[in-house]
1. Do we have any residue at all in the stretch 3-10 that's over 19 Å from the mean Cα position of the chain (by Cα) and of a type in the set (Gly, Ala, Ser)?
2. Give just the number: which of (1) crowded, with 24+ Cβ neighbours inside 10 Å; (2) without any contact (Cβ under 8 Å) to a residue 24 or more places away in the chain does Asn45 not satisfy?
3. Please report, ordered by residue number, the helices (runs of 4 or more DSSP H) entirely within the stretch 62-179 with at least 1 residues that are surrounded by fewer than 16 Cβ atoms within 10 Å (Cβ to Cβ).
4. Tyr17 - would you say it is touching a residue at least 60 places away in the same chain (Cβ under 8 Å), of a type in the set (Ser, Thr, Tyr) and closer than 23 Å to His94 by Cβ?
5. Considering only the stretch 82-95, state which residues are of a type outside the set (D, E, K, R) and either in contact with a His (Cβ under 7 Å, 6 or more places away or on another chain) or under 14 Å from His23 (Cβ atoms) (or both).
6. Across the stretch 183-219, which residue is nearest to the chain's Cα centre (by Cα) among those that are under 17 Å from Tyr17 (Cα atoms) and part of a loop (DSSP other than H, G, I, E, B)?
7. Using the structure shown, decide if Ile166 is hydrophobic (A, V, I, L, M, F, W, C) and touching a Ser or Thr at 6+ places or on another chain (Cβ under 8 Å).
8. Of the residues that make up the stretch 53-62, is at least one aromatic (Phe, Trp, Tyr) and in contact (Cβ under 8 Å) with a residue 40 or more places away in the chain?
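What follows is calculated from the coordinates using simple rules that are stated; it is not laboratory data. Nothing here was measured: the structure is a model prediction, and the numbers come from that model. Methodologically, a virtual Cβ is constructed for each residue, glycine included, from the backbone with ideal geometry; neighbour enumeration extends over all protein chains shown.
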Amino acid sequence: MFYFDKVLGRQVLKSDYLNNVNHFFTTREGFDFDKIGAVRILTPNQTHSSNVEIADERLEYPDTDGIIISKPEDAVYFRFADCTPLMFYDTENHIAAVSHAGWRGTASKIGVITVEKMKNAFGSKPENIIAVIGPAISICCYEVGEEVKEKLLSTVIDRAGLYSGINVDLKAINARQLSEAGISKIDICPYCTSCNNDKFFSYRKENGTLNRHYAFMML
């Protein structure tokens, strides 16, 4: 379940699925990450790709829309304004990941790619992975063309409940992909960035705004 909280005096959104991990989604209030206390904060160059990297000694991660962290000194955040934030935590191996899933990332199954990389690199098991799907544009406000709709729906076996006419549910599609990959612990944020534009930024609602809210994780 999602709930609002305060971190360093700013309103943020959290999931009680990840209460043992330092994580949050920022709101329109913004956030000063210089005060968070991490040794390194990684801010990848997002390009709507399906590229997922494992954090190492590098400081820059070009063309990257997913990062896996395994060291307590590392933190990561991605920027959002309608796209779907995905967070992952392996409760056994104590590794975490954040991925950015717009419609292209969702069509490429970046969430499943992230989980597969966690499995291959760290031996993570799906039954030990918690997935959290953050605030994003919801089916009520996300109208797409038939071609995009078909690309998104073709990524899952069970399409039931994932679309209404030419509106699609990016959060639910990502959740269905992860469920079909063996993830059972999934928390889905109920907030729509367009409907709840007073709390979050929305690219569609605000006619291409350059403002962003963030998804942050630190071990």
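1. There is at least one residue in the stretch 3-10 that is over 19 Å from the mean Cα position of the chain (by Cα) and of a type in the set (Gly, Ala, Ser).
2. (1)
3. 110-122, 146-153
4. Numbers: touching a residue at least 60 places away in the same chain (Cβ under 8 Å): yes; of a type in the set (Ser, Thr, Tyr): yes; closer than 23 Å to His94 by Cβ: yes.
Here the answer is yes, as Tyr17 does meet what is asked.
5. Cys83, Pro85, Leu86, Met87, Phe88, Tyr89, Thr91, His94, Ile95, listed by residue number.
6. Taking the stretch 183-219 and keeping what is under 17 Å from Tyr17 (Cα atoms), we get 183-191, 215-219.
From the residues that got through so far, the ones that are part of a loop (DSSP other than H, G, I, E, B) too are 183-184, 189-191, 219.
Numbers: Ile183: 15, Ser184: 17, Cys189: 10, Pro190: 14, Tyr191: 14, Leu219: 16 Å.
Looking at the filtered set, the residue picked out is Cys189.
7. no
8. No: zero hits.
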